[in-house]
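K.L.:
Before I ask anything, let me first share the structure, which is written out below as structure tokens.
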Amino acid sequence: MQTDVPSRVAEALARIGLADARVTPLTPDASDRRYYRAVRSAGGSLVVVLHTSPFAAGSLPFVQVARLLSDMPLPVPHVRHEMADLGVLVLDDLGDVTLQMEVDSGTGALPVHLYEQAVDLLVRLQSRGRDLADNRLEPYRLAFDVEKLMWEMDFFIEHFLERFRGCVIRPADRDALRRELLGIVEELAAEPRVLCHRDYHSRNLMVKDGRLFVIDFQDARMGPDTYDLVSLLRDSYVPLSPETVAQLTERFRLAAAPGQPASHFGARCRLMAVQRNLKALGTFGFQAVARANPVYAQYVPRTLGYVRESFDIDARFGRLRDVLAPHAPELR
């Protein structure tokens, strides 16, 4: 085993007879987990996920949700080994190509068929999520309720407006902003709930052999049926044309909500998009300032553009625009 491999990773591989595997670190995500690829001398590879500390066997949401999604079935990485005492999971290796990379490395033509596949997988997630509902599983006990959604909006105010942008917000202005955001949050929290991936976008969809595989699903919870759709179509990492967004939105609506008029469903998507995009801005600000990770700052302009687009289309956001624009002039 290589000398630069963390001891817990080395021990995990030794237990499964892969002490001679060649180990390379993978690009980290925004979490505290660390990922390694273990390539067998005889060929083939696995991914080792190293958590910050040991955990109780069967306690990880990732393991529970992976089993749930497999039962639907959705294409997800299989958990090959769980070594709770080491804080290690060993998973199928789905390669390195995310949907974002597939788009970025293409010839300029968007792989619409992959986005259609992503929408169809989302329809299955919601439909089978209802069929398999079990309150013993954590995703069914968690929800995007008022408290959670408003926490995300306060996170946006603190980490994007105040810390990243350096805004000084007067108490009266803060109260006005929170009132507008609370109105959005209360409406979203009152919607019927379905099972949500919670981070369904181009970086969490892997492409292998022409198929999509879903990853990073450990934070699944109940929420509006528009939540994951908006995450996919108003993705900070990949811009989609208005025509493509409309086409994919209609594909989803016809399959998952055919009784809702397109205009009503579109308005619901915009409401969700504003909340979701503001939440993303909070995350980008947090990464840039608190984590000293500037990579995500490049996605701020596009995400603000999505918010401005929703404001331009829907007059209901007029007051929110008025109170936000002094702190984010891009939204004027």
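The values are calculated or read from the model by the stated rules, or taken from the named source; none is laboratory data. Just so it is clear, the structure is predicted and the values come from calculations on it, not from any experiment. Because the Cβ atoms are built from the backbone with ideal geometry, glycine has one as well, and the counts that use them run over all protein chains shown.
K.L.:
For a quick check of your reading of the model, give me the residue pairs whose first member lies in region 197-211 and is assigned by TED's automatic domain parsing to the domain that holds Val238 and under 11 Å from Leu232 (Cβ atoms), whose second is outside any loop (DSSP other than H, G, I, E, B) and acidic (Asp, Glu), with beta-carbon atoms closer than 6 Å and at least 6 apart or on different chains.
P.N.:
Every condition considered, the pairs that remain are His197/Asp228; Tyr200/Asp228.
K.L.:
Going by the structure shown, is Phe62 assigned to a helix (DSSP H, G or I) and either touching a residue at least 12 places away in the same chain (Cβ under 8 Å) or assigned by TED's automatic domain parsing to the domain that holds Asp219 (or both)?
P.N.:
Taking the combined requirement at face value, the residue satisfies it.
K.L.:
Condition first: among the basic types (Lys, Arg) and either within 22 Å of Asp173 (Cα to Cα) or surrounded by fewer than 12 Cβ atoms within 10 Å (Cβ to Cβ) (or both). Now tell me which residues in region 292-332 satisfy that.
P.N.:
Correct list: Arg308, Arg316, Arg319, Arg321, Arg332.
K.L.:
Another one. Has region 39-52 got any residue that is within 26 Å of Asp199 (Cα to Cα) and part of a loop (DSSP other than H, G, I, E, B)?
P.N.:
So far as region 39-52 goes, yes, one or more of its residues are within 26 Å of Asp199 (Cα to Cα) and part of a loop (DSSP other than H, G, I, E, B).
K.L.:
In region 251-258, is there at least one residue being farther than 30 Å from Leu125 by Cβ and not acidic (Asp, Glu)?
P.N.:
No.
K.L.:
Also: Give Thr283, Thr244, Thr303 a once-over and let me know the one that is hydroxyl-bearing (Ser, Thr, Tyr), in contact with a His (Cβ under 9 Å, 6 or more places away or on another chain) and on the phi < 0 side of the Ramachandran plot.
P.N.:
The match here is Thr283.
K.L.:
Still on this structure, please answer the following. Residues of region 268-320 being touching a Leu at 6+ places or on another chain (Cβ under 8 Å) and of a type in the set (Val, Ile, Thr), which ones?
P.N.:
Val274, Val300, Thr303, Val307
K.L.:
Could you grab me the full set of residues in region 65-90 that are outside any loop (DSSP other than H, G, I, E, B), in contact with a Leu (Cβ under 7 Å, 6 or more places away or on another chain), under 16 Å from Phe217 (Cβ atoms) and among the hydrophobic types (A, V, I, L, M, F, W, C)?
P.N.:
Across region 65-90, the qualifying residues are Leu68, Val79.
K.L.:
Would you check which residues across region 96-150 are in a loop (DSSP other than H, G, I, E, B), β-branched (Val, Ile, Thr) and more than 16 Å from Asp209 (Cα to Cα) and list them?
P.N.:
Thr107
K.L.:
With respect to the numbered conditions (1) farther than 30 Å from Asp322 by Cβ; (2) in contact (Cβ under 8 Å) with a residue 12 or more places away in the chain, which one is the sole condition not fulfilled by Arg178?
P.N.:
(1)
K.L.:
Just to be sure I understand, how many residues within region 298-332 are aliphatic (A, V, I, L, M), more than 22 Å from Asp228 (Cα to Cα) and touching a residue at least 24 places away in the same chain (Cβ under 8 Å)?
P.N.:
The qualifying residues number 5.
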